[in-house]
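Before anything else, here's the structure in question.
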Protein chains: 2
Amino acid sequence: MTITITAFERSPDGGKGLARDTRVRWALEEVGQPYEVRLVSFRALKEPAHLALHPFGQIPTYEEGELALFETGAIVFHLAQRYPGLLPEDANARARAITWMFAALNTIEPPILELVTARIFEADKPWAKDRMPLVVERVRARLKQLSDRLGTADWLDGAFSAGDLMMVSVLLRLRPSGILDEFPSLAAYVARGEARPAYKRAFEAQLAVNG
Amino acid sequence: MTITITAFERSPDGGKGLARDTRVRWALEEVGQPYEVRLVSFRALKEPAHLALHPFGQIPTYEEGELALFETGAIVFHLAQRYPGLLPEDANARARAITWMFAALNTIEPPILELVTARIFEADKPWAKDRMPLVVERVRARLKQLSDRLGTADWLDGAFSAGDLMMVSVLLRLRPSGILDEFPSLAAYVARGEARPAYKRAFEAQLAVNG
């Protein structure tokens with residue numbers, strides 16, 4: 001059955017790979033599954049046809065026969081569950097890899113999103129400058145803990161997994177801020193993710209649309 | 001094997017059930033598994049013994065024989081995967097229920113957390129009053145979309161699932177703000193969750209510690 005995902009017709013990041021379709025493309029490349037892409041305009045995101053697929057009017061979505069999914073974490077998990085390559089076989093190791101997926105999305109990404117919001121959508125507000133140190137400090141606190149846990153390991157728990165795919169993707173959103181480079185082991189961790197052939201193919205594929 | 005979770009020795013919410021151990025207690029009650037609780041003080045959260053279990057120094061954690069997990073979403077998912085009662089048998093329905101878990105944690109909870117942060121941790125800041133409408137509006141936008149999708153259904157996709165458990169738990173954090181009541185169908189959805197015998201047992205169990 002053909003796998004079809006959606007992506008922005010024109011990504012707001014101009015091809016830096018930060019739109020969430022890159023995460024799904026990366027997972028598809030890691031598990032070696034071909035896929036098609038349907039590009040969606042900003043206007044179409046809020047129209048009934050797309051809202052039927054994605055109640056929050058975002059990309060990416062995932063269609064495969066009768067199955068329609070939204071939410072990047074769920075799509076990557078579905079692929080990881082279905083095809084070998086993104087989750088360990090051992091049940092306990094598998095549960096721990098899934099833990100890192102949730103940690104990336106629910107513990108690390110929220111303060112990073114707050115920073116992105118502060119830098120972009122509240123940049124012109126009167127409080128922007130005074131509030132920024134608070135927002136940055138919340139990100140730093142989480143990165144410090146993550147860096148402590150990673151230590152000198154290559155990946156968060158044994159071999160590369162869907163947990164690393166998600167964590168690297170979330171951390172990539174920080175690069176424009178410069179904060180990632182304050183934590184050299186995390187910057188190296190992200191670079192290891194970007195060096196994977198599957199990531200490179202995913203990045204090139206989104207760049208072909210947005211570059 | 002005995003299941004042991006951690007919870008606050010004294011929850012900051014004084015027993016309203018908003019600390020995240022309630023989500024795990026609820027899942028354990030839904031699948032009918034007994035569990036033990038180890039209470040942790042605020043100081044102990046940041047000590048090496050607890051950080052070894054939870055790199056971000058939070059509760060809850062989950063221990064069962066050799067397996068140690070953190071991150072509420074991962075723990076609830078582990079239970080839902082392992083015991084019947086929280087995920088449908090059909091593979092596609094199961095993938096959709098998991099989608100709602102991720103949507104609760106990565107799409108609905110982040111703006112709610114921002115609101116909690118604004119109301120509690122930035123309440124004394126000079127920008128608090130002027131910024132609040134923006135923060136509230138972000139929450140409303142998501143609730144409107146969620147309410148549209150729920151429509152007149154009892155649960156998000158067929159029978160009650162781990163996706164509903166997580167969504168109801170996330171929405172409960174909004175109750176003190178009054179915003180939930182602006183969306184009567186969501187308020188009723190949350191009330192349906194709270195009316196479940198398993199939720200009531202979980203709530204009572206945390207209240208016995210914090211009340």
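Residues in segment B:1-35 that are surrounded by fewer than 18 Cβ atoms within 10 Å (Cβ to Cβ) and polar (S, T, N, Q): how many?
Counting residues in segment B:1-35 that are surrounded by fewer than 18 Cβ atoms within 10 Å (Cβ to Cβ) and polar (S, T, N, Q) gives 3.
Would it be correct to say that B:A49 is assigned to a helix (DSSP H, G or I) and loosely packed, with under 15 Cβ neighbours inside 10 Å?
The answer is yes for B:A49.
Just the residues that are among the aliphatic types (A, V, I, L, M), under 20 Å from A:F56 (Cβ atoms) and more than 15 Å from the chain's Cα centre (by Cα), please, taken from segment B:144-186.
Matches in segment B:144-186: B:L146, B:L150, B:A153, B:L156, B:I179, B:L180, B:L186.
Moving on to the next point. So which helices (runs of 4 or more DSSP H) are wholly in segment B:54-169 and hold at least 1 residues that are crowded, with 17+ Cβ neighbours inside 10 Å, more than 9 Å from chain A (Cβ to nearest Cβ) and hydroxyl-bearing (S, T, Y)?
In segment B:54-169, B:128-150 are the helices (runs of 4 or more DSSP H) which contain 1 or more residues that are crowded, with 17+ Cβ neighbours inside 10 Å, more than 9 Å from chain A (Cβ to nearest Cβ) and hydroxyl-bearing (S, T, Y).
Is it the case that A:A153 is assigned by TED's automatic domain parsing to the domain that holds A:D13 and among the aliphatic types (A, V, I, L, M)?
No, not satisfied.
Additional query: Does B:R20 qualify as being of a type in the set (K, R) and within 27 Å of B:R119 (Cβ to Cβ)?
Yes, satisfied.
The values are calculated or read from the model by the stated rules, or taken from the named source; none is laboratory data. Just so we're clear, the structure is a prediction, and the values are computed from it rather than from any experiment. Positions of Cβ are backbone-derived with ideal geometry, glycine not excepted, and every protein chain shown enters the neighbour counts.
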